[in-house]
Every structure is written in structure tokens, then in C-alpha cells.
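Heads up: the structure comes next, in C-alpha cells.
The values are calculated or read from the model by the stated rules, or taken from the named source; none is laboratory data. None of the values given here were measured: they were computed from a predicted structure. Every residue, glycine among them, receives a Cβ derived from its backbone with ideal geometry; neighbour counts consider all protein chains shown.
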Amino acid sequence: MQLSDEEIVAQIKSGKDSNQAFRALIEKYQERLYWHIRRMIIDHDDTDDVLQNVFVKTWKGLANFREDSNLYTWLYRIATNESITFINKKKKENNISIDDESYHLHAGQADYLMGCDEIQEKLEKALLTLPEKQRAVFHMKYYENMKYTQMSEVVGTSVGALKASYHIAVKKIEHYLIEN
Amino acid sequence: MNKENENIENEELMKMAPTLFGMTKVNNLKAPKGYFSNLADTVKVRIDNEVPDGYFENLADKVIDKINKEETKVIPIQKRNIARTISVAASIAAIFIIGFLLNQNNIEEEASSSNYLDNLTSSELDEAIDYNEMEELICYVDFEEDFNEALQIENSINDIDLDFTSDEIDEYLSSDYYLDVEY
């Protein structure tokens, strides 16, 4: 039987069977967090590295986790921040401005597009033109059907700003699909 | 998200981006096979091997504290065991005399070691103190005085013409004088 978030947190904080509870947490959220990060970072190995960092930080931060907030959104928040930090670090290493929206993390990152049909390839390419934060917003809304209120907790932005960001992202993608 | 909200958002999407709206939601990215079945173990290994938070912040203080404690370590000096000192001195003197008689060529080299203790650095002495048991330390401290005394004897012997034959040496070793030396 899968443990609830409350049970997982309580068990980890109590120290009793904390390893087991933490394993349950990883197994419960690993896929969702993986895809959330992967959508922003694209490369699997980098995603793996970032995801592991997310869980290590989660383990360290759980003692201070306030249970009035949602574990699910808290994890997403860590994952989003870690992904953006990673991307900015990579940009810095490659002497590329953090504000450069067209930067693609890896020259070979488009390899995954091989095998996609034409329209899917266009969509993926359109997504890569979005800034990282906007791509995260688009992913949470379009692919994961997250509520704006949850997204607001994840990215620490108001619901209104998120709606605007999503709409802009949608329009950019639509424009790309039509133009290309 | 409830159905009503979902419908509203879909309508909005359809108006804003009809091409996107008409597309199937497909995940074109792939994760390696078996990746998720090992992730929890991988993370556990990483956590177990993490350097604890704040470790490096306190490391310098810990090292300095440790050094200070070691420098101020009090080493009690026990009362000298006079009988033991005498016996050690006698033993060393005998060793030097016999050594001199049996191997004159080594005398100069051995004499040069008389400055050994003077030449030791304080860190070498500390190392020796840490390494040896207390009893050995006391012997060592006593030995320094005895060693100097023995060298004086040795130097005085140096002035004597000691051109012994092997027969004379054998005779000396079997003599009462040699056998009467107390240890």
C-alpha cells in the first residue's frame, strides 16, 4: 500500500524507518519529477544528475519542511529551482547570457527528435525556443494539467503572472508551428 | 482540476492556438529502460556519501583546537630511578669500551653521533614522545646524560695507545675485571 505524503513526512521526521519512508517518497515522485526536469534540460544524463540533487536536497530539507504546504508542490519547487540553476550554470560555462532564450543546452540535444513525426518535431523545436521558466510553466499546464494555484506555489509567482506566461508560451508555439 | 475548468481552458487553447490544440499530447523524450527501478538506491548511496553540511566551515577550528590540545599536553616526569640510571650508564660504558676494542674503525663514526640529541628538531622529539611509552621516555631522558658521560670516557680512551692483539683482547674479556663489572 502506498504511503500518503503526510505519512511519509511524519515517518521521515520521526527517524523511525526513515530510510524506508524516503524510498517510498522517491518511488512515488521520481517519474513526475524526472519528466518535469527533463522537459527543461532535455538531456537524460543531466536530468539524472539534477534529479538526484533534488532528492538529496529533499532529504536534507525535510526536517525543516512545513507541513502546511504540499509535499508535491514543494518537490516541484526544488526541481524547478535546481533545473534553472543547472541551466544558468551551463550557460555561464559556455559564456552565454542567462537571458539568451535561444540557447540550447547541447549541440546534440536534438537527437531525441529523430523518430518523431514531422509535426511532433516542430512542436519540440518550438518548445526549445521558449525560455526555461516559460517552458516549465507550459509543461506543467499543457502536459501535466496542473492548477495555476499549484503552479504558483511551485514557481513562486502569482496566478495572474502564470496565466500570462502560459498564454504567451502558447502563442509563441502556435506561431512557430504555423511559420515553420 | 475539475472537468468544468478543464473545458474552459481547452476552449481558451482552441481559440488561441488551434494548431497546438489539434495535436496529440505525446512524450517524445525517452528514459533509459530500468532507470526508475534503480534510482532510489542510487540516491541513497549519494546521500550516504555526502559531506555533512557545514563540515568545511568548522574544519579549520577543529584542526586548530586539536593542535592546541596536543601542544599543551602535560607529560609528568617520574622520579629518577637512580639504580636504573647507574646500571644503564654502566651498560653503555661497557658497550662503548667493547665496541671500541673490537672495531676501532667505527669509533669516529660513533663519536659523530654524540650530537644526535642536539640535532633533533622539536617536532622529531614530539614524535618520539608520542611514539614511546612513558617508561621508555624516562629511559630516553636519562640516556642523554649517560650517553654524554659515556662519550667522555670514550674520548679519554681515544688518547690511549690501544694497539691490542686478538690474544690480548681475549685475555681481557676473560679477566676478573671484565667479569666484575656490575650491571
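Cβ separations smaller than 6 Å between residues 6+ apart or across chains give the following pairs from region A:36-52 residues that are more than 8 Å from chain B (Cβ to nearest Cβ) and free of Cβ contacts under 8 Å to residues at least 24 places away in the same chain to residues that are crowded, with 20+ Cβ neighbours inside 10 Å and assigned to a helix (DSSP H, G or I): A:Thr47/A:Ile37; A:Thr47/A:Arg38; A:Thr47/A:Ile41.
If the condition is being within 7 Å of another protein chain (Cβ to nearest Cβ) and among the basic types (Lys, Arg), then region B:45-67 contributes only B:Arg46. If you check A:Asp111, A:Asp100 for being modelled with pLDDT under 85, more than 13 Å from chain B (Cβ to nearest Cβ) and exposed (fewer than 15 other Cβ atoms within 10 Å of the Cβ), only one passes: A:Asp100. Pairs are defined by a Cβ separation below 7 Å, a sequence spacing of at least 6 or placement on different chains, a first member in region B:47-69 that is assigned to a helix (DSSP H, G or I), and a second member that is of a type outside the set (Asp, Glu); the pairs so defined are B:Ile47/A:Val56; B:Ile47/A:Trp59.
Set side by side, the residues B:Phe21, B:Phe56 differ, and just one is aromatic (Phe, Trp, Tyr), closer than 30 Å to A:Thr47 by Cα and exposed (fewer than 13 other Cβ atoms within 10 Å of the Cβ), which is B:Phe56. Screening region A:6-36 for residues that are over 17 Å from B:Ala40 (Cα atoms) and not polar (S, T, N, Q) and picking the one that is farthest from the chain's Cα centre (by Cα) gives A:Lys16.
Taking the condition closer than 30 Å to A:Glu179 by Cβ and of a type in the set (Gly, Ala, Ser), does B:Ala40 pass?
no
Remark: A:Glu121 falls outside the filter, which requires a residue to be at pLDDT below 85 and not polar (S, T, N, Q). What are the residues in region A:153-170 that are in contact (Cβ under 8 Å) with a residue 12 or more places away in the chain and within 11 Å of A:Val137 (Cα to Cα), if any? Across region A:153-170, the qualifying residues are A:Val154, A:Val155, A:Leu162, A:Lys163, A:Ser165, A:Tyr166, A:Ile168, A:Ala169, A:Val170. Would you confirm, using the coordinates I've provided, whether B:Ala40 is modelled with pLDDT of 85 or more and in a helix (DSSP H, G or I)? Against the criterion (modelled with pLDDT of 85 or more and in a helix (DSSP H, G or I)), B:Ala40 qualifies.
Listed by first and then second residue, the pairs with beta-carbon distance under 6 Å, at least 6 apart or on different chains, first residue in region B:1-21 and more than 7 Å from chain A (Cβ to nearest Cβ), second acidic (Asp, Glu), form an empty list.
A single entry from A:Thr80, A:Thr58 fulfils the requirement of being under 12 Å from the mean Cα position of the chain (by Cα) and either within 11 Å of another protein chain (Cβ to nearest Cβ) or assigned to a helix (DSSP H, G or I) (or both): A:Thr80.
Residue-wise test of (1) crowded, with 18+ Cβ neighbours inside 10 Å; (2) more than 23 Å from A:Ser152 (Cβ to Cβ).
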position: A:Ile41; (1), (2): yes, no
position: A:Asp48; (1), (2): yes, yes
position: A:Lys57; (1), (2): no, no
position: A:Leu71; (1), (2): yes, no
position: A:Trp74; (1), (2): yes, no
position: A:Arg77; (1), (2): no, no
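Scanning region A:88-95 turns up at least one residue that is farther than 24 Å from A:Arg32 by Cβ, surrounded by 13 or more Cβ atoms within 10 Å (Cβ to Cβ) and modelled with pLDDT of 75 or more. Listed by first and then second residue, the pairs with beta-carbon distance under 6 Å, at least 6 apart or on different chains, first residue in region A:58-83 and within 16 Å of A:Thr149 (Cβ to Cβ) and of a type in the set (A, V, I, L, M), second at pLDDT 85 or above and in a helix (DSSP H, G or I), are A:Leu71/A:Asp5. Taken over region A:131-140, the criterion of being touching an Asp or Glu at 6+ places or on another chain (Cβ under 9 Å) and within 20 Å of A:Leu33 (Cβ to Cβ) is satisfied by A:Glu132, A:Gln134.
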